[in-house]
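Trainee: Below are the structure tokens for one structure; questions will follow.
The values are calculated or read from the model by the stated rules, or taken from the named source; none is laboratory data. Small disclaimer: the values here were computed from a predicted structure and weren't measured. We place every Cβ from the backbone using ideal geometry, glycine too, and count neighbours over all the protein chains shown. Surface accessibility is based on the protein's heavy atoms, side chains included, excluding ligands, DNA and RNA. Shrake-Rupley method; radii C 1.70, N 1.55, O 1.52, S 1.80 Å.
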Amino acid sequence: MALPVDRDEASAATDRPVTEAVFVPDTAGLAGHPRGLTTLFFTEMWERFSYYGMRAILILFMVASPAAGGLGFTTERAAAIYGLYTGSVYFTAIPGGWIADRLLGLRRAVLVGGILIALGHYCLAANVRPLFYAGLVFIVLGTGLLKPNISSIVGQLYTRDDPRRDAGFSLFYMGINLGALISPLVCGYLGQKVGWHWGFGAAGVGMTLGLVQYVLGKKRLGRAGELAEAPAGAGRQWALLAGAIAAASVLLYLVWPYRDWVMLVLTAVLFAWLLRTGARSTTERKRIGAIIVLFVFATLFWIGFEQAGSSLNLFADQYTRNVMFGWSFPSSWYQSVEPVFVVGFAPVFAWLWLRLGRHEPSSPAKFAYGLLLLGLGFLFVAVAAQLYARGQGKVSPWWLILLYLFHALGELSLSPVGLSTVTKLAPARIVGLMMGVWFLALSLGNFLAGHVAGMFEKMPLPRLFGAVFLTTTLSAVVLAVLTPPIKRLMAGVH
Ligand code: PHE
């Protein structure tokens, strides 16, 4: 492609962010927040509604026999696909952020992402085998465009030092969990009691409502998420993107059998690069080092936490007595339990951290508590599985409810803390990239979680869940021991 000479200079200039925030003071929205937050709150609520509603029935649909309308996959295969799907959904957040910054702008990235997601769910609802895989791919691509970028727009509603900023993100996290709470009730009921494709269809309808709401509410966003200027050299960047996608597809095909190792090696290379080239001073290098150590523990956390939609979902379906007041409820309803606790306890945690003041634990210590709580949760299900193995029949719903209570407390000690710690520790130049790294921990955790869930039929369950309990608890102890040196690495950030 022949480009005029001055194009090069123009594209070099795009090293500054093209999506600069322009602050419009606005207090007319939810709880004195900018009106744009209302739009983004509901868009993300419906997006998460579709994600978690579909996820609540995905593995159950894959293992159900064709006679029961399912795909009849073995549990091992279903868990592998599940892990690959949920891992990819967060992996694409990294290119998704880049495409928004360089090509589409945040707002359009969210719109295109939402359209792809809705399309994906409708493909699953069509109930035709080849469309099943196409549907998963659409959701993966769409979520990569929507999920990271909608959070960035939330950030742009406020100036950096707006006192409402953290509260705004907390409200936004409520929207996420509200969607996650309602959808298993709707999609789970339709999917398991009426027909799988009705459940998937309901997820698609949810995302569609979110899109309609987003388009109608666009005016409320003010200038947040708008491209400050047309991206320079866009033609060349699109060509670069197309080339990268083609190259990545060929590479993916070649390395497919070794994908786990490739993921781990790439992560290690990324870390080496961040430490050598990304950091420009000793302090920056130390802080990036702290993020990397926390990354490892966050990955361990997500491996256990993300059993919710796979092995724990299967446990609820096959080993738990799902009867309430004489009515047998769909097993996917347990997927709503954790978000209920998150919505209930999020304000308690916010209050607690403030209340503790000087005694508030450091971020690595909060991570260690998170891992400990997650591990304890698994102790309940390990005991329940042992009771079942002793021939006592299906176990009480309370075991899973207690597990999810502990998992919610664990999530609240780790997930929002990790997000804010990364933004504080990362050098401002590469904060977007470091956010991608944070999504990578979740992605890697989901990939590895698929392998753990794949053992569901191969290993006695008390041993499987017991092993997760032990590994997680042990890593909490290791992290507690490492907390003082990590705090030194953080060099003054808490
Ligand atoms: N429950 C969170 C959500 O769906 C999990 C998550 C945390 C996802 C951080 C992405 C990043 O949003």
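Trainee: Identify, please: which residue in the range 432-443 is among the aliphatic types (A, V, I, L, M) and either open to solvent by 10 Å² or more (accessible area, probe 1.4 Å) or within 11 Å of the ligand (Cβ to nearest atom) (or both) and is, among those, farthest from I81 (Cα to Cα)?
Mentor: Top of the filtered list is L433.
Trainee: Now for a separate question. Restricting to the range 417-431, count the residues that are within 16 Å of the ligand (Cβ to nearest atom), in contact (Cβ under 8 Å) with a residue 12 or more places away in the chain and surrounded by fewer than 20 Cβ atoms within 10 Å (Cβ to Cβ).
Mentor: 3
Trainee: What's the number of the only condition in (1) among the basic types (K, R); (2) modelled with pLDDT of 95 or more; (3) under 22 Å from F91 (Cα atoms) that R463 fails to meet?
Mentor: Every listed condition holds for R463 apart from (3).
Trainee: Among the residues of the range 33-74, which ones are among the aromatic types (F, W, Y) and open to solvent by less than 30 Å² (accessible area, probe 1.4 Å)?
Mentor: If the condition is that a residue be among the aromatic types (F, W, Y) and open to solvent by less than 30 Å² (accessible area, probe 1.4 Å), then F41, F49, Y51, F61, F73 are the ones that fit.
Trainee: Let me ask something additional. Which of the following residues is within 14 Å of the ligand (Cβ to nearest atom) and of a type in the set (G, A, S): G144, G195?
Mentor: G144
Matching residues to (1) within 18 Å of the chain's Cα centre (by Cα); (2) touching a residue at least 24 places away in the same chain (Cβ under 8 Å):
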{"site": "R321", "(1), (2)": "no, yes"}
{"site": "M324", "(1), (2)": "no, yes"}
{"site": "S331", "(1), (2)": "no, yes"}
{"site": "L356", "(1), (2)": "no, no"}
{"site": "S363", "(1), (2)": "no, yes"}
{"site": "L374", "(1), (2)": "yes, yes"}
{"site": "A382", "(1), (2)": "no, yes"}
{"site": "L387", "(1), (2)": "no, no"}
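Trainee: Across the range 142-171, what is the total count of residues that are within 14 Å of the chain's Cα centre (by Cα) and of a type outside the set (S, T, Y)?
Mentor: Here the count works out to 8.
Trainee: Identify, from the list S396, S415, the residue that is of a type in the set (S, T, N, Q) and at pLDDT 95 or above.
Mentor: S396
Trainee: Taking the range 79-90, which residues are buried (at least 22 other Cβ atoms within 10 Å of the Cβ) and hydrophobic (A, V, I, L, M, F, W, C)?
Mentor: Those that are buried (at least 22 other Cβ atoms within 10 Å of the Cβ) and hydrophobic (A, V, I, L, M, F, W, C): A79, V89.
Trainee: While we're on this one: Going by the structure shown, is E338 closer than 27 Å to T471 by Cβ, open to solvent by less than 10 Å² (accessible area, probe 1.4 Å) and acidic (D, E)?
Mentor: no
Trainee: What do you reckon, is G370 touching a helix residue (DSSP H, G or I) at 6+ places or on another chain (Cβ under 6 Å) and assigned to a helix (DSSP H, G or I)?
Mentor: Here the answer is yes, as G370 does meet what is asked.
Trainee: Name the one entry in I99, I150, I94 that is assigned to a helix (DSSP H, G or I) and either closer than 29 Å to W333 by Cα or open to solvent by less than 20 Å² (accessible area, probe 1.4 Å) (or both).
Mentor: Unique residue meeting the criteria: I150.
Trainee: Regarding M434, is this residue aliphatic (A, V, I, L, M), in a loop (DSSP other than H, G, I, E, B) and farther than 21 Å from L352 by Cα?
Mentor: For M434, the condition - aliphatic (A, V, I, L, M), in a loop (DSSP other than H, G, I, E, B) and farther than 21 Å from L352 by Cα - is not met.
Trainee: Working only within the range 114-170, note down all residues that are touching a residue at least 60 places away in the same chain (Cβ under 8 Å) and of a type in the set (F, W, Y).
Mentor: Matches in the range 114-170: Y122, F132, Y158, F169.
Trainee: Kindly indicate which of M62, M54 is within 16 Å of the ligand (Cβ to nearest atom) and either closer than 13 Å to F132 by Cβ or more than 22 Å from the chain's Cα centre (by Cα) (or both).
Mentor: Within the list M62, M54, the selection yields M54.
Trainee: Scan (1) free of Cβ contacts under 8 Å to residues at least 24 places away in the same chain; (2) in contact with a Cys (Cβ under 8 Å, 6 or more places away or on another chain) for the single condition G199 breaks and write down its number.
Mentor: G199 satisfies all of (1) free of Cβ contacts under 8 Å to residues at least 24 places away in the same chain; (2) in contact with a Cys (Cβ under 8 Å, 6 or more places away or on another chain) except (1).
Trainee: Given the conditions (1) of a type in the set (S, T, N, Q); (2) open to solvent by 10 Å² or more (accessible area, probe 1.4 Å); (3) within 16 Å of the ligand (Cβ to nearest atom), report the number of the one that S413 does not fulfil.
Mentor: (2)
Trainee: Can you find even one residue in the range 296-311 that is away from the ligand (no atom under 16 Å from the Cβ), touching a Pro at 6+ places or on another chain (Cβ under 9 Å) and touching a residue at least 24 places away in the same chain (Cβ under 8 Å)?
Mentor: Looking for residues that are away from the ligand (no atom under 16 Å from the Cβ), touching a Pro at 6+ places or on another chain (Cβ under 9 Å) and touching a residue at least 24 places away in the same chain (Cβ under 8 Å), one finds none in the range 296-311, hence no.
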